[in-house]
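The values are calculated or read from the model by the stated rules, or taken from the named source; none is laboratory data. Fair warning: this is a prediction, and the values are worked out from it, not measured in the lab. Please note: Cβ atoms are built from the backbone with ideal geometry, for glycine as well, and neighbour counts cover all protein chains shown. Only protein heavy atoms, including side chains, enter the accessible area calculation; ligands, DNA and RNA are left aside. Shrake-Rupley method; radii C 1.70, N 1.55, O 1.52, S 1.80 Å.
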Amino acid sequence: MTAPDDASKDLARRLTEANEAVFAGLGLDPKHAAVRRSDRPDLGEFQCNGALAAAKQAGRKPQEIAADAAGAWTATDLADKPAVAGPGFLNFAVTAAALSARAQAIADDPRAGAAVVRAPRRVLVDYGGPNVAKPMHVGHLRASIIGESLKRVFRFRGDAVWGDAHFGDWGFQMGLLIVALEDELGDLSDTASVGARLKSLSLDDLEAMYPAAAAKAKADESFRDRARKATAALQAGEEPHRTIWRAMHDVSMAALKREFSALGVDFDLWNGESDADPLIPDMVADLKARGLVEEDQGAQVLRVARAGDKRDLPPLLVVSSEGTAMYGTTDLATILQREREIDPDLYLYVVDQRQGDHFEQVFRAAETAGYAQREQLEHVGFGTMNGPDGKPFKTRAGGVLKLNDLIEMAREKARTRLREAEIGGDFSAAEFEDVAHKVAIAALKFADLMNFRGTSYVFDLDRFISFEGKTGPYLLYAAVRIKSILRKAEEAGVAVAPIAIVAPEERGLALALDGFDAALAQAYDRRAPHFLAEHAFALAQAFSAFYGNCPILQERDEAVRGSRLALAQAALRQLERTLDLLGIAAPERM
Ligand code: ARG
């Protein structure tokens, strides 16, 4: 028997609990009783495959075990007695009453049917990671999209979450830029002329200076050497290096903030590698004092290789032979800083999976130094966004892609698509632009998030921006369509009524609504937003089938009409919530 308040739990969980009681009653291990949404809905909406493992454990025939379990099923208010299929699968069909109650609970729930985690944690999400003065590349784009979604998912489930951009603002590129400025001005000794130049410094300047300086450093050893020394001087706090750095940092940061805001990405902490710098001297002294670092060709390194490693993990470079802090140094010091200021239970580093070794080094070093435990530190890696050649996406000129240019490219395509579809002809210019922007962002984000993050995908704007198929714009269109239905229902004075699931398409929609919590839990547990992207698409499709067969406004029966209206409202709330968790915003109309 299930209590009525159980409708707050999803159906798979309640079926599992009931089935666990059945298994336990038969003397079988309840861990085999798990019931899941079936991937063969033609055979049953939910299924349990555990009879096979239970039979093995008990030394009996799976079909017998399944038949016993089916016979012992008593929770018939929740589901009919399960059918036994194939080698011993149990197939369940939930009752219309249980499904109606579940849909009603979702409709009444401001969280749209999503449970809250019971033991909230403190979670630090390190994502985005753009570098000051260097253009953002597609790796930063993916990190921003996936990280933003994970931040929202963790927060929505009830954790305390901090998103930190962790700008790359402390490395060799800063030294390069300082030396480039020195060559431009002749020398850096005249404070007034340096000050005047910095006042006029623009993002365009920086974006032109960086590639030129990087190319020069490749060809010219003495230039490279000067850049290394300038990096060391900056890190040692010398002037005018500090002042130059500050100006470049601020120009770059203002531009990055604009771009991130256009992308719907917002950080709680706009920290950079440089923010951990004050901790580095003490950290290095402490590591030395405890004998954790050793000298290696003039550098200080911390060994992280372990017996049984499958690959060679080089030591973490803590201080370079020039005396500078390296990428790993700032990452290690940042852990110390975060421990002091935030004390996270969990750290998620949403960074290109090709940086896997770097993070393994940093995490092991942090553990060796006693700053954090290995299990608290996770590298949430992702694949690349590729061009048609299968290599990481580049512009036509072969350069790295600027985020701004990418967004504008997507916006332009969105405008064209909207015009082709004759959408927005009667909108004001501002509304049309807003819709085009939302379509563009939805297209880019959904195309990224619909794949498991570890999978690489090919950039194909035409496909991403289509209003048909599994795309962001299709989902926006679905949300907008429900909004318009709800507006019309309101104008017609239709009132909601208790949800009663009858038609197969109502059933399909209610089952889709019920799937939200599991999708959310999987996205959370596996740090993988694609489960929610999948859910959004399934929900939109279920709504479309529902609306095609179950009219609302034209329905004569008041109770049926009201029930369907309540279902549509629940579908919109959950779809918008799911899109929001993906970082996607829907317009009011389009
Ligand atoms: N700035 C780095 C890059 O461009 C990414 C930073 C990733 N986060 C971190 N904590 N290391 O590759």
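Results, tabulated for the structure shown:
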| item | result |
| --- | --- |
| Selection status of Arg226, more than 21 Å from Ala196 (Cβ to Cβ) and open to solvent by 50 Å² or more (accessible area, probe 1.4 Å) | yes |
| Strands (runs of 3 or more DSSP E) (entirely within segment 309-407) containing at least 3 residues that are on the phi < 0 side of the Ramachandran plot and within 14 Å of the ligand (Cβ to nearest atom) | 346-352, 377-382 |
| Per-region count, segment 482-498, residues outside any loop (DSSP other than H, G, I, E, B) and free of Cβ contacts under 8 Å to residues at least 40 places away in the same chain | 3 |
| Condition broken by Glu207, with the remaining ones in (1) open to solvent by 10 Å² or more (accessible area, probe 1.4 Å); (2) touching a residue at least 60 places away in the same chain (Cβ under 8 Å); (3) farther than 30 Å from Ile146 by Cβ satisfied | (3) |
| Whichever residue in segment 164-207 is under 30 Å from the mean Cα position of the chain (by Cα) and among the small types (Gly, Ala, Ser) and, among such residues, is nearest to the ligand (Cβ to nearest atom) | Gly168 |
| Boolean, Ala214 is within 11 Å of Leu177 (Cα to Cα) and out of contact with any Asp or Glu (no Cβ under 8 Å at 6 or more places or on another chain) | yes |
| Qualifying position, being β-branched (Val, Ile, Thr), open to solvent by 10 Å² or more (accessible area, probe 1.4 Å) and away from the ligand (no atom under 16 Å from the Cβ), among Val94, Val84 | Val84 |
| Residues that are near the ligand (Cβ under 9 Å from one of its atoms) and acidic (Asp, Glu), drawn from segment 124-153 | Asp126 |
| Residue in segment 430-442 that is open to solvent by less than 10 Å² (accessible area, probe 1.4 Å), assigned to a helix (DSSP H, G or I), within 15 Å of the ligand (Cβ to nearest atom) and closer than 25 Å to Pro130 by Cα present | no |
| Some residue of segment 14-23 being assigned to a loop (DSSP other than H, G, I, E, B), of a type outside the set (A, V, I, L, M, F, W, C) and either in contact with a helix residue (DSSP H, G or I) (Cβ under 9 Å, 6 or more places away or on another chain) or touching a residue at least 40 places away in the same chain (Cβ under 8 Å) (or both) | no |
| Of the criteria (1) open to solvent by less than 10 Å² (accessible area, probe 1.4 Å); (2) away from the ligand (no atom under 16 Å from the Cβ), which one Phe156 fails | (1) |
| Check on Ala101, out of contact with any His (no Cβ under 9 Å at 6 or more places or on another chain) and either open to solvent by less than 10 Å² (accessible area, probe 1.4 Å) or touching a residue at least 60 places away in the same chain (Cβ under 8 Å) (or both) | yes |
| Scope segment 250-277; condition of a type outside the set (Asp, Glu), under 14 Å from Asp169 (Cα atoms) and open to solvent by 20 Å² or more (accessible area, probe 1.4 Å); matching residues | Val251, Met253, Ala254, Trp270, Asn271 |
| Residue check for Asp286: more than 32 Å from the chain's Cα centre (by Cα) and of a type in the set (D, E, K, R) | yes |
| Condition check for Leu43: outside any loop (DSSP other than H, G, I, E, B), out of contact with any His (no Cβ under 6 Å at 6 or more places or on another chain), within 27 Å of Glu506 (Cβ to Cβ) and not polar (S, T, N, Q) | no |
| Inter-residue pairs, beta-carbon under 7 Å, first on the phi > 0 side of the Ramachandran plot and open to solvent by 10 Å² or more (accessible area, probe 1.4 Å) and in segment 120-142, second within 11 Å of the ligand (Cβ to nearest atom) and not in a loop (DSSP other than H, G, I, E, B), 6+ apart | Gly129/His140; Gly129/Ala143; Gly129/Gly168; Gly129/Val351 |
